[in-house]
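This report concerns only the one structure given below.
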Amino acid sequence: MTLFNLARKNLQRNFSSYFLYIASMVFSIVIYFTFVTLKYNDDISALTGTSQKISSMMSASSVILLFFIVVFIAYSNSFFMKKRKKEVALYSLLGVRKQQIGLMLFFENLFIGLVSLVAGIAIGFLMSKVLLTILVRLMGYSLTAGFVFSSEAVINTVIVFSVLFIFTSLQGYRVIYQFKLIDLFHAEKQGEAMPKASVLSAVIGVLSVGAGYYLALEDIMTSMWWRILSIAMPIVIIGLTVFGTYLLFHSVSVFALQAMKKMHSFSWKGLNLITTSQLLYRIRGNAKSLTVIAVLSATTITAGGAVFGLYYNIDKSINDNTPVTFMWEGEPLEVPQVSTHHTLATKLVTFTHNESERQYQVLPLATYNELAQEQGKEKITTMASNEGVLLDPYYDERFSEKLAGADLTANVSLHLTSQETYAVTNMSTTGPMIIVNEQTYEALEGEPTTYQAYTLQDGADNLAISRELNSQLTDAQQDFTSQPAAYEDIMSAMGAMLFVGSFLGLVFLTATGSIIYFKIVSEAEADKDKYTILYKIGVNDTQMLKTISAQVGIIFGAPLAAGLLHATFALLGFSNLLGMSITKPVLVWMAAYIAIYGLYYIFTTRAFYKIVKNARGNA
Amino acid sequence: MKPLVQVKAVNKIYGKGAQTFEALKNITFQVEEGEFVGVMGPSGAGKSTLLNVLATIDAPSSGDILIGDDNVAKMKDKALADFRRDNLGFIFQDYNLLDSLTVRENIVLPLAIAKVPTKEINARVDKIATTFGISELLNKYPYQISGGQKQRTASSRALVTQPKIIFADEPTGALDSKSATDLLESLSDLNETQNATIMMVTHDAFAASFCQRIIFIQDGTLSKEIHRGAKTRKQFFEEILQVLAGIGGDVNDVI
């Protein structure tokens, strides 16, 4: 029997134990391949004028993705190798040379790599159509995506993963050469000392997370911390939070669990003793991994929540800034399928306020009310002379000058009663406007201006008409604004961002979920004897399942809770910064995240329970 | 009086089809309450299988096992776990202590599972620890104590629930002779003073000589039974050696 045959037979017989490894390889390849396919896809670049922006975003994302995949594959490979140490030891004991074992493992890896590459690219090819369709939808186009086979993507994927496979094979070689036969005969480590934690590091942990949160909620404009730290502020916040999270898992968890253990009325009930003492070792031993997972979750939830929130607010921000379908300054044009058409007569008035000059378009009250009614906005019934209302959607209380209650002077003086953050005209055409009543309008002196405002009938192809109008513009039409065009611009950029965001989010989520899965399952393997003992002293299955699901639940839940909390503070800071409410989309996003995480939890608990149950058979 | 354990026509067959192996063949015997019974026999005779079947860790292929009024051979898995918890105690050759728990917590565990109130747990643990002489070790971890101390911890854990019967599988197998004697004396003492019922599998004639009665099995069947009666331990030991020589047991293993 040649070594190659041995490797092949090995694989055939132990398929189930290889399955998880192959599955995670295939998963990585599918993800990478689809992503690269989308990157090289001509349809998408052709669709969007902003392709430059999107393709650079895609490139940046694929680098992040690649980095992540490298970590993920390295992790699953080391998990896989650990499982096979015994087998290697046995070959070694039977007198197979290390070089031969290495060669065998190399063939095996090669074979697994080949199989996963073919499977991954095939599945990826099918997946890319689905993903492409989703992407196109999110970008707001109605277009069906066809199957695309990009040879560039294939070549890219094959090269990247071949390098990765060589790397993992070398990792395997290293394991074999470092391995000593005596390890086989050593029993599992005879217990480890009970973790101890210092009060100091626990206190520092809590304080540093608290400080991170506090800084995250500081206002960028008014906070003295921002003034002191300026650009370094985000780094300080992230640093404090990550460091604090580590100490939280490393020390605070030990304190909490030891306190629980000392509370005999709690711990001496059922299997609580087992649950707490197992967790005491597990959380401490895995503090680094749990921190990484918490930080990754926080990043994913924050990024996803932010992008999703922005996407969710597109309609609102468009409606605020560009409420009219088409607007321009000057002469009317022949517009097909018109629903309403207004010719707005306004005056551009130069006001003085606090000794500085500024220009506003002034709109008579009657015209405002007409537009407001049409757009479903609040009408203004009465307005005294020499009073005005400023419509300025760009207003932000932190950056802008507050003008409500101010007196502006032109040839007559004008008292601004209020300042609103919506508009009834397209901002890029008219700029912020002041509404006044008819008498005041007549009295004010300024340069008369004419605007055209059109809305289209329901069902009209807004975008096509917009393009057509755009081509008809002459010098008689200035400052053309089109709601559909603006919408398309934002949608395609935000849609692509949302897609990339959720795609990466999903990958991160899957990877973190799998890492916890691998960890818990390998620890279950190491600990299964303990559960056999429990079985022998009369623990029934219900109690067994209860302690297992509690342990797995806390190992899954702790980093998730930390991640959610971090993300909540980050998103609070973010929404303060942008001055928009993103609560609803963020909650949806978090719920989706928790749901997928929950699935991992169920799978892991079941796998754990199965290992424990199977262990009894050969007790 | 009704015997505590009644084993009736128990068979245990491993494997399926043509490749079956009969580990136990038509075994029938009884154990009275307060007895200290030893089970001996050559390797592969079925000693451990018998103990596992009696201890409800393994199920017999046919036959009945009555412990008290319960037929454990017919019980379902879930009921069995509760039965073990409430009625049986175990001592294993490799101690089977949980190394992430302290000595005290290891002993507490079966009581916690049985939902005994905390106060009572403390009292019972302290009492049993005194019996086995491990009161000083209660806050240590298993990796900090010796093999003999571990086995006494395991015995405390087995006895703290005051089980109807204690099953010991080669409890002295991994101990030096001093620790083994200490342990056997403790068990024997418990048996005499507190009327504890103990069933112990061993291949060691010295350990067996602490029992009141010894059942020998060979090729899955009961081959012989001897009683200590009024004999001294030394005389009983000699008798065991003779029987073992007769059935080809591990005479070489003696002490």
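The values are calculated or read from the model by the stated rules, or taken from the named source; none is laboratory data. As the structure is a computational prediction, the values presented were derived from the model and not from experiment. Cβ atoms come from the backbone with ideal geometry, glycine included; neighbour counts cover every protein chain shown. Surface accessibility is based on the protein's heavy atoms, side chains included, excluding ligands, DNA and RNA. Shrake-Rupley method; radii C 1.70, N 1.55, O 1.52, S 1.80 Å.
Scanning chain A for DSSP H helices at least 27 Å long along the axis (C-alpha atoms) with a Kyte-Doolittle mean no lower than 1.0 picks out A:15-40, A:98-138, A:151-178, A:287-312, A:541-578.
Please compute the contact order of the range A:320-404 in relative form: average sequence separation of alpha-carbon pairs under 8 Å and at least six residues apart, divided by the residue count, as a percent. About 19 percent, as a whole number. Here the simple spin-label model places points 7 Å from the Cα toward Cβ, and for B:Glu225 and A:Glu331 these points are separated by 12.2 nm. A simple rule links phi to the HN-Hα coupling: the Karplus curve 6.51 cos²θ - 1.76 cosθ + 1.60 with θ = phi - 60°, which for the range B:22-27 gives 8, 7, 10, 10, 6, 8 Hz, with x for Gly and Pro.
How big is the antiparallel share of DSSP beta bridges in the protein assembly as shown, given as a percent to the nearest 5? Bridges in the protein assembly as shown are about 65 percent antiparallel. When the residues A:Thr34, A:Thr350, A:Thr133 are ordered by accessible surface, computed with a 1.4 Å probe over the protein chains alone, the sequence from largest down reads A:Thr350, A:Thr133, A:Thr34. Accessible surface of A:Glu442, taken over heavy atoms with a 1.4 Å probe and every protein chain present, rounds to 130 Å². For the protein assembly as shown, the residue among B:Gln30, B:Thr102, A:Val500 whose Cα projects farthest onto the positive side of the dipole built from Cβ charges is B:Gln30. Distances between placed amide hydrogens fall under 5 Å for B:Ser223 paired with B:Phe216, B:Ile217, B:Gln218, all partners being 5 or more residues away or on another chain. Evaluated at q = 0.17 Å⁻¹, a Debye calculation over the C-alpha positions of the range A:217-280 (equal weights, vacuum) places log10 I(q)/I(0) at -0.66. If R0 is 56 Å, the Cβ-Cβ spacing of A:Phe67 and A:Ala464 corresponds to a FRET efficiency of close to 0.85. When the Cα atoms of chain A are aligned to their principal axes, the ranges along those axes come out at 103, 60, 43 Å in descending order.
Relative to the longest principal axis of the Cα atoms of chain B, the long axis of helix B:233-247 lies at roughly 40 degrees. Using bins of 5 Å that start at zero, the share of Cα-Cα pairs per bin across the range A:407-518 amounts to 2, 7, 12, 13, 12, 10, 9, 9, 7, 5, 4, 3, 2, 1, 1, 0, in whole %.
The mean of 1/r over all pairs of different alpha-carbon atoms in the range A:338-456, once inverted, gives a Kirkwood hydrodynamic radius of 14.6 Å.
Taking each DSSP H run with n ≥ 4 as -39500 (n - 2.57) and averaging over every residue of chain A yields -23000 deg cm²/dmol at 222 nm.
Put simply, chain B fits an ellipsoid with semi-axes of 29, 23, 17 Å; these come from the alpha carbon gyration tensor as the roots of five times its eigenvalues, largest first.
Surface listing: A:Val26, A:Val236, A:Val612, A:Val63 arranged by accessible area from highest to lowest gives A:Val63, A:Val236, A:Val26, A:Val612, probe 1.4 Å. Helical runs assigned H by DSSP (4 residues or longer) give chain B a calculated mean residue ellipticity at 222 nm of -11500 deg cm²/dmol, each run adding -39500 (n - 2.57) before division by the residue total.
Among the protein heavy atoms, those of A:Ser482 account for about 10 Å² of accessible surface (1.4 Å probe, every chain in place).
For A:Phe326, the residues whose modelled amide H falls within less than 5 Å of its own, excluding neighbours fewer than 5 places apart on the same chain, are A:Tyr454, A:Gln483. Computed over the range A:200-311, the Cα gyration tensor eigenvalues convert (square root of 5λ each) into semi-axes of 34, 17, 12 Å, ordered from largest to smallest. Angle of helix B:118-131 to the longest C-alpha principal axis of chain B, folded into 0 to 90 degrees and rounded to 10: 60°. Exposure check, 1.4 Å probe, all protein chains in place: B:His227 carries approximately 100 Å² of accessible surface. Note: relative contact order over the range B:125-211, using C-alpha pairs below 8 Å and six or more positions apart, is 30 percent. When the accessible area of the range A:419-577 is computed with all protein chains present and a 1.4 Å probe, what percentage of it is carbon and sulfur? Ligands and nucleic acids excluded, carbon and sulfur give 55 percent. Here the range B:1-94 is described by how far its Cα atoms reach on the three principal axes: 41, 31, 30 Å, from widest to narrowest. When chains A and B come together, the accessible area they lose, probed at 1.4 Å and totalled over both chains, is close to 2700 Å². Close amide H contacts of B:Ile165 (hydrogens built in the peptide plane, cut-off under 5 Å, sequence separation of 5 or more or a different chain): B:Gly89. With a simple spin-label model that places each label point 7 Å from the Cα along the Cα-to-Cβ direction, the separation between A:Asp529 and B:Lys8 comes to 4.0 nm. Modelled label positions at A:Asp541 and B:Thr193, each set 7 Å beyond Cα in the direction of Cβ, lie 4.2 nm from each other. Taking A:Glu447, B:Glu185 and ordering them by how much accessible surface each has at a 1.4 Å probe, largest first, produces A:Glu447, B:Glu185. In this structure, A:Asp315 and A:Ala23 have a Cβ-Cβ separation that, at R0 = 51 Å, corresponds to a calculated FRET efficiency of about 0.80. Mean sequence separation of contacting Cα pairs (under 8 Å, at least six apart), scaled by the length of chain A, corresponds to a relative contact order of 18 percent.
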